[in-house]
Amino acid sequence: MAEKLIVSTLEPVEIGQQFNSLPLHVTLMPWFEITQESASTLNRYLNVIAKKTDNIELKGEEEAMFGENEDVRVRKLAASTLRLVHFDILAAINWSGGMCQSPYIAENYNPHVSFVDDNSIAQGEVVDVHALQVFERDPQTRARTVTDVHNFAGNVAV
């Protein structure tokens with residue numbers, strides 16, 4: 001089983017890039033487990049989802065503290081399009097045979113950008129994201145590697 005995460009990063013990332021801690025991003029689906037064979041099916045679904053999604057506009061709202069111990073500083077986001085994409089991805093994971101046991105999915109999904117080194121988006125700031133990215137976590141080192149990038153329909157190269 002592979003441990004995967006689906007996000008939209010605020011800055012572009014490339015397949016094969018590895019991170020010890022994730023760059024600024026909005027989580028579209030928290031960590032979940034899936035077999036490598038099922039992951040290829042999931043990627044086909046994710047490509048369809050991305051191709052029907054325009055770039056997503058993130059608008060920073062109030063700051064909050066998340067996590068079991070309320071020790072993760074985040075900027076909440078206006079949620080409409082993010083929520084729709086989240087539900088599409090959740091369905092795709094289920095159809096592909098993956099399993100997400102996070103309590104923060106479906107009706108409990110609360111889109112946000114965590115602060116990284118005191119950086120996030122500001123309240124009222126608007127930022128577009130142009131793709132969804134799949135990360136895989138190495139079970140030994142915990143490093144996170146970009147395994148797939150699916151550009152949104154609105155991401156047109158100039």
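Throughout, read-outs are computed from the coordinates displayed, never taken from laboratory work. Keep in mind that this is a model prediction, so the values were computed, not measured. Heads up, the Cβs are rebuilt from the backbone with ideal geometry, glycines too, and the neighbour counts pull from every protein chain shown.
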Measure of size requested: the Rg and Dmax of the chain, with Cα atoms as the atom set and Å as the unit; please supply both.
14.8, 44
Counting sequence-distant residues (5 or more places) and residues on other chains, those with an amide H built under 5 Å from that of THR35 are ALA2
Burial order of peptide ranges 9-15, 90-96 (average beta-carbon count within 10 Å, highest first)
90-96, 9-15
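Identify the trypsin sites (Lys or Arg not before Pro) of the range 36-145 meeting these criteria: DSSP loop state and at most 11 other C-beta atoms within 10 Å of the C-beta.
Answer in residue order: LYS52, ARG142.
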